[in-house]
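Here's the structure, in structure tokens; my notes come after.
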Amino acid sequence: MGYQKPKGTADILPGDSSQWQLVEKTARDVFARYQFNEIRTPLFESYAVFARSSGDTSDIVSKEMYDFMDKGDRHIALRPEGTAGVVRAFVENKLYGPEYQKPYKVYYMGPMFRYERPQSGRQRQFHQIGVEAFGSESPAADVEVISMAMRLLRECHITDLKLAINTLGDAASRAAYHEALVSYLEPHFEELSDDSKVRLHKNPLRVLDSKDAKDQEIVKDAPVILDYLTPEATAHFETVKHLLETLHIPYEVDTEMVRGLDYYNHTIFEIMTNNKVLGHGYTTVLAGGRYNGLVEQLGGPDMPGVGFGLGVERLLLLMNAQNEALVPEPKLDVYVVGIGAQTSATTLQIIESIRDAGLSAERDYLDRKPKAQFKTANKMNAQIVVTIGESELADQTAHVKDMMSGIEITVPLAQVYTDFKAVQQQLNMN
Ligand code: ATP
Ligand code: MG
């Protein structure tokens, strides 16, 4: 019996991986324009890092964590998301120090792990591209991050997206809202789902996020946070909206949106699509928000932050659904056909020389007849075919053909070895 990959994982094969590289390259290009630099943190951290940051009642911590005791009896978890590890690294490496430019802007890309029921756009090992900006309270920083997210999706040619925003206010707003929400929900206690019953007192905001139909019915008439904001929190949110309008970024305010993680406050946002490849209704592709207080919670100074995470699998599903794969056809610069066993050493020398010149080159390794080799060259979309047989070997020359123009020339092997670019030029001049 053969082996199979673990449930909820995927092999990204050559062909598909070109598309991944395209998305990653687009992200790196966009982030560089905004002066975000890459950070790479471990794929696993102390369990406490995630429990502390995401919150004990979050789905991630309560149900989805891949955690285990290691051989040294440490409680470890595979990272379910990127922010916690980045904040841990930010604090541990004292990146909040005065020698670093603020906001301190980083991005990451890589696998995340959540024990979930696999379905389209939902895996157990999946990938996120995310960004974090530390050290600015300014609503302009929120908007820069949102604008960067929209640009990234635009440059991946994704259209028909919906940007939903909301605010969770500051600590005082939240405390006031907390009270109002609990008072509203308590009379409905018996009707709530088991999950929501637990959350009602531990974290009532989470009830708003429930996917249970009955809960959603109850939540519909719940008080909304916008009515409980402090003047400062209102001002922050108003400025965010104003700046989005200044940049002509359309948005909708969704007062029921709370995000699944405990660490958010002020602005939260999701970029959604109703494309059918991701299931019924709207699905989130990218989500983020402000998390003032998280740095402090993980042992650092009081330092604000804002960021987002993007699900790469969901992005690729969308790109494919919109036929925006846009990966260029693979191409080969030169295929070298060797006729007769005695040419083997020379063809090897030739392809290595061509690679020295910075071009891609390939040859036969299966003792195929010349005809089969020419066929392979065509299949591989070779731009130039170099042929070397017994007579060329005797003359120390090579036969070179440009497959586009059909032009053929014979050149000294010495030239092929020392300067293949010149051979290429000669073909173009003919
Ligand atoms: P959902 O409500 O769909 O479970 P979430 O709130 O758990 O999403 P976040 O924690 O905000 O998701 O993660 C950010 C993004 O990462 C999501 O918008 C999505 O694109 C992607 N993502 C999250 N979980 C998965 C998964 N299991 N498989 C693939 N992508 C995922
Ligand atoms: Mg989830």
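What to note about this one:
- Per residue, the accessible area of the chain comes to 50 Å² when a 1.4 Å probe rolls over the protein heavy atoms.
- Here the label points at Q4 and N320, each 7 Å from Cα along the C-beta direction, are separated by 1.9 nm in the simple model.
- In region 171-229, one over the average inverse separation of all distinct C-alpha pairs is 11.3 Å, which is the Kirkwood hydrodynamic radius.
- Note that region 270-375, at 25 °C in a medium of 0.890 mPa s, gets a Stokes-Einstein diffusion coefficient of 127 µm²/s from its Kirkwood radius over C-alpha pairs.
- Backbone N atoms of region 211-242 closer than 14 Å to the 7 Å Cα→Cβ label point of E137 belong to residues 231-237.
- Region 332-429 gives an Rg/Rh value of 0.92, both radii derived from C-alpha positions and Rh following Kirkwood.
- Taking every DSSP bridge with both residues inside the chain, close to 80 percent are antiparallel.
- Couplings 3J(HN,Hα) of region 366-371, computed from phi: 10, 6, 6, 5, x, 4 Hz, in residue order, whole Hz [Karplus 6.51 cos²θ - 1.76 cosθ + 1.60, θ = phi - 60°; x for Gly and Pro].
- Exceedance of the 23 Å cut-off in Cα-Cα distance is limited, within the set K331/K401; K197/K220; K5/K379, to K5/K379.
- Values of log10 I(q)/I(0) for region 152-289 across q = 0.10, 0.11, 0.12, 0.16 Å⁻¹ run -0.37, -0.44, -0.53, -0.89, by the Debye formula with one identical scatterer at each alpha carbon and no solvent.
- Evaluating 6.51 cos²θ - 1.76 cosθ + 1.60 at θ = phi - 60° for every residue in region 194-205, the Karplus couplings come out as 4, 4, 5, 4, 5, 7, 3, 9, 6, 7, x, 4 Hz, glycine and proline recorded as x.
- Once backbone amide H atoms are built at 1.01 Å from N, E45 has A77, R79 as its partners under 5 Å, excluding neighbours fewer than 5 places away on the same chain.
- Distance from the alpha carbon centroid of region 37-92 to that of region 257-305 works out to 17 angstrom.
- With R₀ set to 51 Å, the beta-carbon distance separating S344 from I76 gives a calculated FRET efficiency near 0.50.
- Expressed as a whole percent, the accessible area of the chain that falls on carbon and sulfur atoms is 51 (1.4 Å probe).
- Rounded accessible area of L192 (nearest 10 Å², 1.4 Å probe): 10 Å²
- DSSP-loop chymotrypsin sites (Phe, Trp or Tyr not before Pro) across region 102-175, with at most 16 other Cβ within 10 angstrom: Y115
- Region 172-221 and region 96-153 have their alpha-carbon centroids 28 Å apart.
- Every Cα-Cα pair of region 9-59 was included, and the share exceeding 16 Å stands at 66 percent.
- Translational D in µm²/s for the chain (Stokes-Einstein at 20 °C, 1.002 mPa s, Kirkwood Rh from C-alpha pairs): 85 µm²/s
- q = 0.10, 0.12, 0.16, 0.24 Å⁻¹, region 23-139: log10 I(q)/I(0) [Debye, one scatterer per Cα]: -0.35, -0.50, -0.85, -1.36
- Inter-centroid distance (Cα atoms) of region 338-372 relative to region 6-30, Å: 31 Å
The values are calculated or read from the model by the stated rules, or taken from the named source; none is laboratory data. Given the structure is predicted, the values throughout are model-derived calculations rather than measurements. Don't worry about glycine lacking a Cβ; one is built from the backbone with ideal geometry, like all the others, and counts go over all protein chains shown. Ligands, DNA and RNA are stripped out before the accessible areas are found, and what is left, the full protein with its side chains, is counted by its heavy atoms. Shrake-Rupley method; radii C 1.70, N 1.55, O 1.52, S 1.80 Å.
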